[in-house]
Every structure is written in C-alpha cells, then in structure tokens.
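In what follows, a structure is listed as structure tokens, so that the remarks can point back to it.
The values are calculated or read from the model by the stated rules, or taken from the named source; none is laboratory data. None of these values were measured; they are calculated from a predicted model. Counting neighbours? That spans all protein chains shown, and the Cβs are built from the backbone with ideal geometry, glycine included. Heavy atoms of the whole protein, side chains included, go into the accessibility calculation; ligands, DNA and RNA do not. Shrake-Rupley method; radii C 1.70, N 1.55, O 1.52, S 1.80 Å.
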Amino acid sequence: MENFEFFIPTRVIFGKETHLQVGKIVKEYGFHRVLVHFGGASAKKTGLLDAVLDALKAEGIGCVTLGGVQANPTLSMVRQGIELCLKEHVDFVLAVGGGSVIDSAKCIADGAGNPGVDVWSYFRHEAVPRTALPVGTILTLSASGSEMSASCVITNEENGFKRGFNSPTHRPLFSICNPELTYSVSRYQTGCGTVDITMHTLERYFTRTRDTMLTDRIAEGILKSTIEAGRIADREPDNYEARATLMWAGSLSHNGLTSAGRSFLMQVHQMEHELSGMYPQIAHGAGLSALWPSWARYVCSHDVSRFARYGVNVWNIDMDFENPMNTALAGIQATEDFYKSLGMPVTLKELGVERDRIEEMAEKCTNMGQRKLSGIVELGKEEMIEIYGMAMGE
C-alpha cells in the first residue's frame, strides 16, 4: 500500500425530501446571493427548480439563475457563468443537476474566485486556482460522483478538447442527495450513470499497485452493490432502495475511497474524453461502456491474476486454476453483458463513430504527442489506435 492523503470535507445530506432543506442549509453558512446553476427543461418541468428557488427566498437569500448546461459541459457556458457571478456579486454557487451541471458550477466558481485568469489555463495545467467561490449541489443523477470529488471536466467547443483537472477548490461544501429526484431519469441515462459508477471504481481497481486488500474489498463491494441496484433500477425506476444505493455508490466511487493506497490514471476515461469531446452528442457513460471491454481485453494478459480475481469476487465466476485467463476473460464478458442488459453500447460503431477519426482521437489523447498514459500497460498513440480500432466492433 502506497502513502496517501484522504480528505473529504463535503457535508452530505442524504434522503427523502432533503432538497427542501436547501434554504436553511445555505443560510447556516451565511451566504447572501446565490447563483443557481442547472441543466435543461427537466429541472423546470419536474418543479424542482421552483422548489429550490422558493426554499432560498423563504430564508431571504437572493438568487440569480443560469440554465442550459449540456451533457458535456462547455467552456462558453462557464465563461457566461463567471461573468454573471461577478456582475451580480454572487458569493455561493448552487448546482442543481448531475455531474455536468456540477462540473460547470465548479469551473464557474474557480473563475469567479480568480477574476482575470483564463479558466482554460487550469485545464492546460498552466495555473492553479488560488481560491474559489464555495459550491453546493442538489444531485439529480447518480453517475459522476462529482458531488464529492475534487475533479472537474469541461469541453472547449472551439477545438473539441475535453479536459479535466483536480483541485481542492472543487470539493463541494455540501451535497444534498435525495434518491427520489432520480425517479424521472430515463432508462438510457440511468444506464449511463450505472456504467460511470462502475467505471470510476474499475479504473482505480485495475492498477499496477499491489497489496491494497482493504481498498480492493471496498471496491468489490461497491461494484457488486452497483450491479445489483443497476439491474433493479433498470426494471423498477421508482425503487427507492435501488436508487439510493446507486446514488451513494456514485459518491463513494469517486471521492478517493476506492483509490486509497494506490496510484492510478483512468486510461479509459482519458480515451473517452476525446470521444465525447469530438462527438458531443455521445453521453459519457455510453462512451465508457463502448470502450472498456476492448481496453480490458487489450491489457488483461499483463495482469491475468487481477482480472481473474475480479471475475471471481465480483461476478462469482469459478476460478480456472489451470488457465486463469479463462476466468479473466469471463469477467470481462460478464461486464460487457451487464452493460448490454442496461441498453448500453459496447462498440463505437453503435455510437456512429467513423473509423477515420480514430487517429485524431489518439493524437489528441496524447496531447499532440506530449504524453503517454501510465497503467497496467503504458498507452501511447499506437496502442490507443489499436484499442479504438478493436472497439469499433466491425
């Protein structure tokens, strides 16, 4: 087990009708003017936005609103939000939505806290935010774990680059997690979210670090619980316990718990960022489900025992001691079959990706030749091209 630091300052308010407490919670912290940031029409249609605004106004808290966040949040929206915060003297940013809204809110908070600094410079790792406006969240989609994470991912529409960076400023001050708010999420988006939760765990589980038994067991437990709850939520969208399990698993999968004691770089996430950066209509979870089986089959021969353990401990596959590769491949196949059962794509062809864009995606993923992705197998441009090619499914 490697040295690590574990710091989770986010206050979680979890359970039924908890979103109605938002006005009192914001008032507790002494904020006076809030930017309420949200996505599309669903926040209005379901009445959630009105309920949030009413709760804030009941406590005498001033509000300005900014909606329209896309599935892959954009830099132009962030810049619009920064300008609005500065103009309206906002002292707190409240994200009402899923990971895209939360990430957009985090970046707006970075920009408003550091006026005069181009926020895209943070994603190019040319600067770091010195401070930021505090952020709170009301979660409406179990997926990204952004409600407790230090990460933030934004797409620059001008060049098609989708990039992320981590910062302590990104940890939300509080997150309100009411599983009831996810009842209206479509089957497809529920599937995308379930994939994302599993992938945040899997990408930390399959690393070169050894001797992390407790962290491994935590990860395996989250995976098994997510798989079970994902199946139930797929059949019964209003099943509270399944929705609650997915929501809590999403938070735990990306807050640092499942990476404690090991180093990792989420290779599939990095490769997917190029995919949905160039094809903004592709949901992040769908891109991950289309890439992971091919990535896993490409790298599994370099750590057969790890993949075999995954098959045994997560999917209850009998261990083939004479040929552990059989167990490893069976675990990968079980994962692919699970994604299919949720209506998720498992090839890039299903997503309408053109083969002639593969080299461009691989080139961008190397930051135009400036990096390779470390992991079980180091991935450079040629390795990425091969994995993207395998994932076409042709």
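Here is how the numbers come out for the structure above:
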| quantity | calculated |
| --- | --- |
| Index of the failed condition, G331 passing every other in (1) touching a helix residue (DSSP H, G or I) at 6+ places or on another chain (Cβ under 9 Å); (2) without any contact (Cβ under 8 Å) to a residue 60 or more places away in the chain; (3) open to solvent by 20 Å² or more (accessible area, probe 1.4 Å); (4) not polar (S, T, N, Q) | (3) |
| Every residue from segment 165-196 that is closer than 18 Å to A105 by Cβ, in contact with a helix residue (DSSP H, G or I) (Cβ under 8 Å, 6 or more places away or on another chain) and open to solvent by 30 Å² or more (accessible area, probe 1.4 Å) | T169, L173, L181 |
| Checklist (1) open to solvent by 40 Å² or more (accessible area, probe 1.4 Å); (2) assigned to a helix (DSSP H, G or I); (3) of a type in the set (D, E) applied to E274, failing item | (1) |
| Complete set of residues in segment 140-164 that are of a type in the set (S, T, Y) and assigned to a loop (DSSP other than H, G, I, E, B) | T140, S142, S144, S146, S149 |
| Extreme residue, surrounded by the most Cβ atoms within 10 Å (Cβ to Cβ), among residues of segment 100-138 that are closer than 19 Å to A71 by Cα and of a type in the set (D, E, K, R) | K106 |
| Members of segment 365-387 found to be open to solvent by less than 20 Å² (accessible area, probe 1.4 Å) and among the charged types (D, E, K, R), listed by number | none |
| Checking N72 against (1) more than 15 Å from the chain's Cα centre (by Cα); (2) not in a helix (DSSP H, G or I), the condition it does not meet | (1) |
| Candidate set: segment 318-364, residues that are in a loop (DSSP other than H, G, I, E, B) and aliphatic (A, V, I, L, M); chosen: the one farthest from I197 (Cα to Cα) | M319 |
| Selection status of T137, touching a strand residue (DSSP E or B) at 6+ places or on another chain (Cβ under 6 Å), closer than 20 Å to G30 by Cα and not in a loop (DSSP other than H, G, I, E, B) | yes |
| Residue in segment 146-163 that is over 25 Å from R33 (Cα atoms), in the same structural domain as S76 (by the TED database), among the basic types (K, R) and in contact with a helix residue (DSSP H, G or I) (Cβ under 7 Å, 6 or more places away or on another chain) present | yes |
| Some residue of segment 270-292 being acidic (D, E) and more than 22 Å from the chain's Cα centre (by Cα) | no |
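To keep it simple, each residue is scored yes or no on (1) in a loop (DSSP other than H, G, I, E, B); (2) more than 16 Å from P168 (Cβ to Cβ); (3) at pLDDT 95 or above.
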site: C85; (1), (2), (3): no, yes, yes
site: A95; (1), (2), (3): no, yes, yes
site: S100; (1), (2), (3): no, yes, yes
site: D103; (1), (2), (3): no, no, yes
site: K106; (1), (2), (3): no, no, yes
site: A109; (1), (2), (3): no, no, yes
site: D118; (1), (2), (3): yes, yes, yes
site: H125; (1), (2), (3): yes, no, no
